[in-house]
Amino acid sequence: MLRSLRIFPATKCQLTRCCSGFVSRMRYLNRLKEDDAACAAALQDGLIFLFHRLSPLLQRTNRGTLRAAAVPSSDVHLILQRLNSDASLLKESVLIGCSEQNQAQFCLDVGELNQAAVEEEFGGTFIDLRKAFLILAGAEVPLVAKGQALLRWHQTSRFCSATGELTHRNQAGSQRVCNSIIYYPKMSPVVIVLVSDGRRCLLGRQSSFPRGMYSALAGFCDMGETLEETLCREVAEEVGLEVQSFSYSSSQHWPFPHSSFMLGCHASVRPTHTQLSVDHSELEDARWFSLEEITAALHVKIPPRRGDPPFFWLPPKHAIANRLITEWMERQQLGNGEGTS
Ligand SMILES: NC(=O)C1=CN([C@@H]2O[C@H](COP(=O)(O)OP(=O)(O)OC[C@H]3O[C@@H](n4cnc5c(N)ncnc54)[C@H](OP(=O)(O)O)[C@@H]3O)[C@@H](O)[C@H]2O)C=CC1
Ligand SMILES: [Mg+2]
């Protein structure tokens with residue numbers, strides 16, 4: 001069996017950090033993680049993405065679209081006071097990034113407050129993240145994903161699994177400590193792979209997906225597995241195919257189900273061995289799709305509205321599955337569908 005790994009040329013925005021501020025921003029963020037006083041000071045001038053029981057606050061823009069609300073910390077402080085909240089709530093904010101203007105970005109879960117009252121004060125709505133992911137676009141999507149993942153981790157890591165005692169977080173929220181034991185946020189590695197036979201690509205759907213949505217195949221890495229072992233095993237398990245070659249594309253953090261590190265790949269199977277044997281305990285359906293079908297689906301507006309005729313649609317633009325499918329389509333259009341595509 002041939003199993004080769006090729007690295008795709010990185011896109012400009014991924015690796016060419018030509019703006020000189022990048023290094024200073026990264027060093028600033030690192031300092032905020034290590035220095036509680038500096039982080040507390042940054043919080044006073046920071047921007048906060050609000051959540052209520054892990055659902056992000058979305059506000060309507062002037063153009064009628066929805067976007068995740070990044071609220072100045074001083075405004076959050078005033079509104080929390082108006083809602084009679086304990087001032088210590090603001091300190092529970094977790095550091096998630098730094099804007100190009102060097103303004104620290106945080107997330108905060110106000111789940112202990114009345115949801116309707118907070119929504120009214122901030123002029124927005126808390127929306128379940130899975131639904132929000134189908135609506136949101138733009139640079140703040142990864143921040144919202146990271147914020148929810150970190151908030152979830154803090155909410156489920158309050159006790160030390162060795163001693164049973166309470167753990168304590170640093171101001172940035174990048175770690176929790178019990179005596180000498182330090183806990184860091186955890187992610188599960190997942191391989192996501194777009195399989196092609198050179199002419200068509202393979203998509204599947206789980207019964208839990210929204211109606212009509214198909215995506216690339218994905219699976220969690222087992223302990224001790226390499227990326228390539230997981231990829232070949234998952235394709236064999238889920239659709240009964242043997243991968244001939246594959247190439248790495250790119251990666252993404254994904255907050256579901258509990259924070260996954262998605263490693264995106266393309267894989268090819270022999271055009272003579274494309275008969276699917278779908279494991280229906282894992283996938284409701286899996287099918288080969290032509291270039292024409294994929295091109296049309298990439299232009300469908302999502303999520304479909306109630307009453308729309310049944311059609312298949314693809315994950316949103318910011319999902320790595322969409323990136324893999326778009327890459328495949330572009331290479332097919334260039335007539336370069338052979339090899340690892
Ligand atoms: N960003 C994107 O574009 C996409 C992201 N994804 C993500 O990839 C993830 C993995 O894909 P999926 O097909 O579900 O994975 P798998 O094919 O590995 O199947 C999921 C099952 O694996 C078991 N499992 C093993 N390790 C873990 C772990 N660390 N965490 C949770 N379950 C585990 C569970 O089984 P049991 O409960 O029986 O133990 C679970 O139900 C999905 O959760 C989804 O969020 C998927 C498609 C697109
Ligand atoms: Mg799977």
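The values are calculated or read from the model by the stated rules, or taken from the named source; none is laboratory data. All values reported here derive from a predicted model rather than from experimental measurement. With ideal geometry, Cβ positions are generated from the backbone for all residues, glycine too; neighbour counts draw on all protein chains shown. Heavy atoms of the whole protein, side chains included, go into the accessibility calculation; ligands, DNA and RNA do not. Shrake-Rupley method; radii C 1.70, N 1.55, O 1.52, S 1.80 Å.
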(Q) For Cys221, what residues show an amide H to amide H distance below 5 Å, using hydrogens built from the backbone and excluding near sequence neighbours? (A) Val190, Val191
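If you add up the charges near Cys221, with Lys and Arg at +1 and Asp and Glu at -1, over every other residue whose beta carbon is less than 12 angstrom from its beta carbon, what do you get? Write down the numbers at each step before the final one.
Numbers: positive: Arg233; negative: Asp222, Glu225, Glu228, Glu229, Glu234.
Computed value for this residue: -4.
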**Q.** Around Leu203: net Lys/Arg minus Asp/Glu count, Cβ-Cβ under 11 Å
**A.** +1
Q: Express the C-alpha Rg of the stretch 20-183 as a ratio against the empirical globular expectation 2.2 N^0.38 Å, rounded to two decimals.
A: 1.04
**Q.** Mean shadow area of the chain, taken as a quarter of the surface of its Cα convex hull (nm²)
**A.** 20.3 nm²
Q. Tell me, what is the 1.4 Å probe accessible area of Phe159, in Å² to the nearest 10?
A. 120 Å²
Q: Just the ratio, please: alpha-carbon radius of gyration of the stretch 188-333 over 2.2 N^0.38 Å, N its number of residues.
A: 0.99
Q) What are the lysines whose alpha-carbon lies under 19 Å from the alpha-carbon of Lys186, with same-chain residues fewer than 8 places away excluded? A) Lys33, Lys146
Q. If you roll a 1.4 Å probe over the heavy atoms of the protein chains, what accessible area per residue do you get for the stretch 87-137, in Å²?
A. 46 Å²
Q | Phi to ³J(HN,Hα) by Karplus 6.51 cos²θ - 1.76 cosθ + 1.60 over the stretch 195-209, Hz, x for Gly, Pro | A | 8, 10, 9, x, 10, 10, 10, 9, 10, x, 9, 8, 5, 7, 5
Q) Which ³J(HN,Hα) values in Hz, rounded to whole numbers, follow from the phi angles of the stretch 225-240 under the Karplus curve 6.51 cos²θ - 1.76 cosθ + 1.60, where θ = phi - 60° and Gly and Pro get x? A) 7, 8, 4, 5, 5, 4, 4, 5, 5, 5, 5, 5, 5, 7, 10, x
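Subtract the Cα-Cα distance of Gln44 and Ser99 from 0.36 nm times their separation in residues, and report this length gain in nm to one decimal. Kindly include the intermediate steps, with their values, before the conclusion.
Working: separation 55, 0.36 × 55 = 19.80 nm, distance 1.49 nm.
Working it through step by step, the gained length comes to 18.3 nm.
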**Q.** Net charge of Cβ neighbours under 13 Å - reference Cys98; Lys, Arg +1; Asp, Glu -1
**A.** +3
Q | Whole-Hz ³J(HN,Hα) from phi, Karplus 6.51 cos²θ - 1.76 cosθ + 1.60, for the stretch 153-168, glycine and proline x | A | 4, 5, 5, 9, 10, 6, 10, 6, 6, 8, 10, x, 7, 5, 9, 10
Q. Once the whole set of protein chains is in place, how much accessible area is left on His154, using a 1.4 Å probe, in Å² to the nearest 10?
A. 20 Å²
Q.
Going by amide H atoms built from the backbone, whose H comes under 5 Å of the H on Gly240, apart from near neighbours?
A. Ser277
Q: Grab the DSSP H runs of the chain that are 4 residues or longer, score each as -39,500 (n - 2.57), total them, divide by all residues and round the 222 nm result to the nearest 500 deg cm²/dmol.
A: -9000 deg cm²/dmol
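How much of the accessible area of the stretch 188-333, probe 1.4 Å, is carbon plus sulfur, in whole percent? Before the final figure, lay out the partial values.
Values: 3600 of 6760 Å².
The C+S portion of the solvent-accessible surface of the stretch 188-333 is 53 percent.
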